[in-house]
Amino acid sequence: MCSLEKKPEKFLIDPSGTVAGRFRPRTEPEAAELVAAIEAALPA
């Protein structure tokens, strides 16, 4: 069985197409942990 919430979760996909992060539905777009994950996944 799938462990996804009923509400849409946020997935961060890195440039190679791999899931680099998974965030709860209530995670705000400007949340520090989401911003940090995005910045870490960006190519140098």
To the nearest 500 deg cm²/dmol, what mean residue ellipticity at 222 nm is calculated for the chain from DSSP H runs of n ≥ 4 alone, each contributing -39,500 (n - 2.57), summed and divided by the residues?
-6500 deg cm²/dmol
How large, in percent, is the carbon and sulfur part of the accessible surface of the chain at a probe radius of 1.4 Å?
59 percent
At most 12 other Cβ atoms within 10 Å plus a DSSP loop assignment makes a site exposed; report the longest stretch of the chain without any exposed GluC sites (Glu not before Pro).
6-29
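Taking the Cα centre as origin and putting +1 on Lys and Arg beta-carbons and -1 on Asp and Glu beta-carbons, what dipole magnitude results for the chain, to the nearest 20 debye?
Working: 6 positive and 7 negative charges, 56 e Å.
Approximately 260 debye in magnitude.
By the gyration tensor of its Cα atoms, with a ≥ b ≥ c the square roots of the eigenvalues, what is the shape of the chain: rounded for a/c under 1.5, prolate for a/b over b/c, or oblate? Kindly include the intermediate steps, with their values, before the conclusion.
Numbers: a/c = 3.45, a/b = 1.40, b/c = 2.47.
It is oblate, given that a/c is not under 1.5 and a/b is not larger than b/c.
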In the stretch 6-44, trypsin sites (Lys or Arg not before Pro) in a DSSP loop with at most 11 other beta-carbon atoms within 10 Å:
Lys6, Arg26
To the nearest 10 square angstrom, what accessible area does Val19 show with a 1.4 Å probe?
90 Å²
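What relative contact order, as a whole-number percentage, does the chain give when Cα pairs under 8 Å and 6 or more residues apart are counted? Mind showing how you got there, number by number?
On the way: 37 pairs, mean separation 14.7, N = 44.
Here the relative contact order equals 33 percent.
The values are calculated or read from the model by the stated rules, or taken from the named source; none is laboratory data. Just so it is clear, the structure is predicted and the values come from calculations on it, not from any experiment. Neighbour counts are summed over all protein chains in view; Cβ atoms, including those assigned to glycine, are modelled from backbone coordinates with ideal geometry. For the accessible areas, the whole protein counts, side chains as well, though only heavy atoms, and no ligand, DNA or RNA atoms are used. Shrake-Rupley method; radii C 1.70, N 1.55, O 1.52, S 1.80 Å.
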